[in-house]
1. Report D for segment A:321-402 in µm² per second (integer): Stokes-Einstein, Kirkwood Rh on Cα pairs, 10 °C, 1.306 mPa s.
2. Mind jotting down the distance between the C-alpha centroids of segment B:237-266 and segment B:99-145, whole Å?
3. Only four residue types carry charge here, +1 at the Cβ of Lys and Arg and -1 at the Cβ of Asp and Glu. Report the dipole size of segment A:306-424 about the Cα centre in Debye, rounded to the nearest 20.
4. State whether segment B:9-93 is rounded, prolate or oblate according to the following rule on the C-alpha gyration tensor (a ≥ b ≥ c being the square roots of its eigenvalues): a/c under 1.5 gives rounded; otherwise a/b larger than b/c gives prolate, and the remaining case gives oblate.
5. Using the alpha carbon gyration tensor of segment B:200-316, what are the three equivalent-ellipsoid semi-axes (square root of 5 times each eigenvalue), largest first, in whole Å?
6. To the nearest 20 Debye, how big is the dipole of segment B:120-224 about its Cα centre, given +1 on the beta carbon of each Lys and Arg and -1 on that of each Asp and Glu?
7. Taking a ≥ b ≥ c as the square roots of the eigenvalues of the Cα gyration tensor of segment A:22-78, is the shape rounded (a/c under 1.5), prolate (a/b larger than b/c) or oblate?
8. Of B:Val34, B:Val91, B:Val259, which is the most mobile in a GNM of chain B whose springs link Cα atoms less than 10 angstrom apart?
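A short reminder: the numbers here are calculations on the coordinates, not readings from a lab. Computed from a predicted structure; not experimentally measured. With ideal geometry, Cβ positions are generated from the backbone for all residues, glycine too; neighbour counts draw on all protein chains shown.
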Amino acid sequence: MAVNVLVVAGGGARSAITRLLADERVRVIDSPRHADVMLVVGSVPVEFGPALRAVHDQLAAPRAVRWWTASPQQLPGIPHAASITGADPVPELRAALDDEPHGVLQPDEPPTEWRGEGPYGTGGEGMMGGTPYGRPMVMTGDDLRDGLALDPLSLTVGPLLSPLPTGLVLDVSLQGDVLVKVEVRDSPFANNPATWRGTEPPWTDLDSPPPLRDGRTVDVDISISELETWRVRHHLGSVARTLRLAGLDALARRTARMAVADPLPAPSRIRRLDGWLARVGLRGLLDGVAAIGPDTFTDGLIARAAGTAVDQRIDDPAYADLGFHVVTHGGGDALDRMRQRLSEAAQAVQLAGRAERRATSIDRAEGSHGPLADHADCGLRLLQALPSLLLGMEWGDAVTTIDSLDLDMSLMARARRTGSGVLN
Amino acid sequence: MDAPSVGAPAIAMTWWAVPVLLGVVVAGVWTTVVIDRLAAAAVAGDRITAEVLTDPLRRARRLWDTPAVSTERPDHMLWHLAPALYVGVAVLGLSVVPLTEGFAVADVRTGIVVLGGAEVLTIVAVYLHGWSANAPLSLIGAYRFMALGLSFMLLSMFALIGAALPAESLSIGRIVASQADRWHIVSQPLGLPLLLVAGLGAAFWGPLNQPDAADLAGGTSGEVTGPQLLSWEIGRRCVLVTYAVASAAVFLGGHHGPVLPGWAWMTLKSLAVLMVLVGSRHVIGRVRPESMMKLAWLVGLPLAFLDLAIAGVVTFVDRGIL
């Protein structure tokens, strides 16, 4: 029986999720109530404690929590979380099915103190708002689309809402399912990564670009073969996540297997997948969503998906040797970004195969979002652009948009903290 | 009792068809689960072992044993009513479909109308399921289904009426009887795809799974676990079974076919339709609500009208009027 796992991705966890997606003994699900076990992966800031406790209380019995990390400590917020330190978490996840039931960790109280507040002592202000019995009251408000002043509901979304990236916190106001106000709050990953508890799970981290994995400095070159291999695995992992968002769990597993495969999958397989997804598979979900024009982002994958031929590798003689040419797509919507990832993955397989001992340097390398040296800044610019992108979108399109930007909150925090982008 | 014939009473009921019907539902739900797992394994490239038969039972057992959870101030009565209603309307719809020649729980003279009514009542069931949890994402799922349901069930109505034209009756038994020489999939080719799409919609399966979508973290069933979740998932599969059997009866000639007995043909045809319905989930991703509305109203509805026109023309040609 496949174990239903709710995944919380800490630092260094991206490849963990790809591996879990590839494993048929595990089913990654979105709702804590459907989960057999909550699996926290990688290093976790202490600030995650309250959110972890809140999600823990929503888990179905027996509220099993496991922490997959190389060096076990106490998981912030959840004292009974056992650690998994091996390379294969599934046997221990299966064992978690028979855990002793755990009780709730937080008292069952509304978020705001209401006793004695307001003119009637109930927290509300008559008909005009307040927080009656501790819950925000829905009021009328202007509508963006048709002028019908309905009931805007204010919510804080995240940091552990699946399928949004772990650590993304948004203050939103919804009218029906349309976002009428969006603000990005500080992520719990924002503090110093050196203080995070635990460390990455024990295997070569497939999803961190090579310079972040090893303790290398600016002057040392990066093997093109390693860099392009990382690119293949990263992009296929992103598409696997998108497939899961679209409900295509089996195709997600197939794609995740391609992402972790050794040797790398053949480019023809990737192109076949691209063909099906673009025409039928993901078209209904992604087509026309979040068209980001070439003026909004002038760098990296998003610009290439919008038709701008900008890539660090264009001017690199090592790549010119390999016959590199820039791949672009028109339009810049979520479907184009997905196609861009798959096209670049297919191309990267060929580049990695031909690269032999060629190398490039960090300041010339192209990362997953833009120049590798600017990885953190690219991510931060995406976060800053989120509110204007998401405003007026329906909930489903907003989630699709965030997924198409391929944000990794913990990686951005670590890269930012180490100064000039990517280095350790 | 006998199947209805010209001048027959309004209902032909076969009381002992009720346990057979329930058996068909149970077998159908089981088959759906197995087909789902096999299709997933085929698409993902998993090894297929005998566990594909035992795993669903283990998961069902685990769900059965899981204590229920509750949100803050849910509507308990409606929350528990919703899955019961969902299963109930699926079985109700199946009760007017002949399972083989002259054998239905109630082959009423207005079978198509009962089928359509059952279909529409699923909107109530799914809406209640999402609303009762008193949670924002569940509620969004519920509202999505209202938009989805209205759009796609209209298409099935036209498809079914087109099938009723040659039979000059709304009774599904008579519709099956009218396919003795030619199945409706040949004379009205658009009808079956339209009905299948409506089936995907009513069970919110695969490309039309908006109410319980991943982007709503489970949607209407996101706040639900235990036996309630189990009954909800069974309900969705019951709806798929109803549509598979109804499609087999209305468009694929029902029990008609050479050599094999009628019930064997019905089984084979229903199985074929079920494989298409269930398998679609693994290859076609969820369609976003706005695109879905455009598809339903700008493509689906004109096709439904066209189907009706084709049905009319074919009927007239058969009768020698044209």
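1. 106 µm²/s
2. 21 Å
3. 360 debye
4. Here segment B:9-93 falls in the oblate category.
5. 30, 23, 10
6. It works out to roughly 180 debye.
7. Oblate, because a/c is 1.5 or more while a/b does not exceed b/c.
8. Maximum among the listed residues: B:Val259.
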